[in-house]
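Asks: Sharing a structure, written as structure tokens. Questions coming.
The values are calculated or read from the model by the stated rules, or taken from the named source; none is laboratory data. Just so you know, these numbers come straight off a predicted model, no measurement behind them. Cβ placement follows ideal geometry from the backbone for every residue including glycine, while neighbour counts extend to all protein chains displayed.
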Amino acid sequence: MASKQNFSVVIDLGTSKLVALAGKLTELGKMEILGLSKMPSKGIKRGVIFNIDEAADAITALLENLAGQFDEEINTVDVIMAGSKMRTIDYQCTALTSGEGFVTARDVERLMEEARNVSIQQDYKVVKVIPASYIIDDENEVEKPVGSTGQKLDARFKLIVVPEVYLNNIRLVLKKVGVELGELIHASLAVSEAVLSTEEKEVGVIVADFGAGTTNLAVFQDNVLKHTAVVPFGGEVVSNDIKEGCSIFLKKAELLKVKYGQAMGDFADDQKVVTIAGENGWEPRDISFKSLAYIIQARLEEIIECVHAEIRRSGIEENLGSGIVITGGTSNLENIISLLKFKTAMDARKAHAVIHPVNRREEFQNSELLSALGALKLVLSSADSGAGNTHGRSKKAKERRFAPLFKDVVQGALNLFDTDNSDAELN
């Protein structure tokens, strides 16, 4: 039996971490957090599932922890992901109005339905249709067309499309866990919802999420999504460079980056040195802060150059009034804002939450939770407007079941890592 409470569960599929967040809308329309679960990721690389069993085991543990925090049964989850082959496509379609000389909600829905079902080559599937603009009778551009007088309606949409293999792998994992897939949400859209104000989206802004496996970005102007991209490099490659450059184990390289690393070598103190303790008979190793910073800077510059190339590809670089908002674990490196400004000649700031639940607000100062927070707002708002479904039902028993539903599951999954994020156009 469906629950009368409008609650949803979102899962952020990160390369280094998994986050699950459950919430509902209060009677006043405010977001209330019901549960929060976070743990290390398994079976996921650069935002893409590559091992079905490992990912299923990790998500099972994640949801078991979440389900113990509130008295509801989880049946459906919405998933946030950022694979390098996720793309943004422009699509335009036209229809004659069906009302008596004005646009009806049905007219708009017919165009949305056409966009959802458009045929995409290379085994891609549309997972999100985002209105960009509507034009009435080739003259008047409007944001909300319903009720406007006219005989012809042109719609321009941004379509978020993903390889079908991404969807198939997620469904395999969730079926093994014992839940269903609701909506697949682009990570850039999720974090944008959490950290960008309406005013910033209006004058033009970029959000860049520097994650462990990928760097995700979204470009907005006039409150419309203009471009998304996934750069298939993140904090992991920085840690790997430290491992190679300093001849140390990867775990110590990651710790070194987090505790002592910074983004610009010129600002590092050349008098400071950290000693890496030896293991298994190896001698201790001294590493200067300046040498460490230059290793980090070299790789960050490459990532930022890829981000800047995607901003230029959006075609509106010169019209972005706000600049770049950065988030993600790598964004915590000292002086990364200075490096970003230097490499892009654009203003930049660190991200912070611009939406606030009615409870547990302090926890969402953590940048690791921003994507889940933004996604939860998106799905709750969608459900509240009648565009989504309730994702759970009241529990009749204390026992929660996330046992695998089948054993013979494909062990591997196709992992796609190319950097072709350019926008295409369909007419």
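Asks: When you look at G35, is it small (G, A, S) and modelled with pLDDT under 90, yes or no?
Replies: no
Asks: How many residues are aliphatic (A, V, I, L, M) and either more than 13 Å from the chain's Cα centre (by Cα) or surrounded by fewer than 23 Cβ atoms within 10 Å (Cβ to Cβ) (or both) if we restrict to the stretch 220-233?
Replies: Residues meeting the conditions: 2.
Asks: Let me ask something additional. Which of the residues that make up the stretch 64-80 are closer than 24 Å to K128 by Cβ and out of contact with any Asp or Glu (no Cβ under 8 Å at 6 or more places or on another chain)?
Replies: Across the stretch 64-80, the qualifying residue is only I74.
Asks: Follow-up. Please indicate, with yes or no, whether at least one residue in the stretch 311-326 is farther than 30 Å from V142 by Cβ, out of contact with any Lys or Arg (no Cβ under 9 Å at 6 or more places or on another chain) and of a type in the set (V, I, T).
Replies: no
Asks: Follow-up. Kindly establish whether A253 is out of contact with any Leu (no Cβ under 9 Å at 6 or more places or on another chain), within 14 Å of L292 (Cα to Cα) and surrounded by 13 or more Cβ atoms within 10 Å (Cβ to Cβ).
Replies: yes
Asks: Further question on the same structure: In this structure, is L153 crowded, with 23+ Cβ neighbours inside 10 Å, more than 22 Å from L21 (Cβ to Cβ) and not assigned by TED's automatic domain parsing to the domain that holds L320?
Replies: Answer is yes for this residue.
Asks: Select from the stretch 342-369 the residues that are among the hydrophobic types (A, V, I, L, M, F, W, C) and in a loop (DSSP other than H, G, I, E, B) and write down the one among them that is surrounded by the most Cβ atoms within 10 Å (Cβ to Cβ).
Replies: Only one residue fits best here, namely A351.
Asks: Now a separate question. Looking only at the stretch 162-189, count how many residues are assigned to a helix (DSSP H, G or I) and within 12 Å of the chain's Cα centre (by Cα).
Replies: Of the residues in that region, 3 qualify.
Asks: Quick one: what pairs do we get from the stretch 287-309, first residue in contact (Cβ under 8 Å) with a residue 40 or more places away in the chain and at negative phi, second outside any helix (DSSP H, G or I) and among the aromatic types (F, W, Y), C-beta under 6 Å, 6+ apart or different chains?
Replies: I303/F233
Asks: For A351, are the conditions met, namely being over 17 Å from I242 (Cβ atoms) and touching a residue at least 40 places away in the same chain (Cβ under 8 Å)?
Replies: Considered against the rule, which asks whether it is over 17 Å from I242 (Cβ atoms) and touching a residue at least 40 places away in the same chain (Cβ under 8 Å), A351 comes out as yes.
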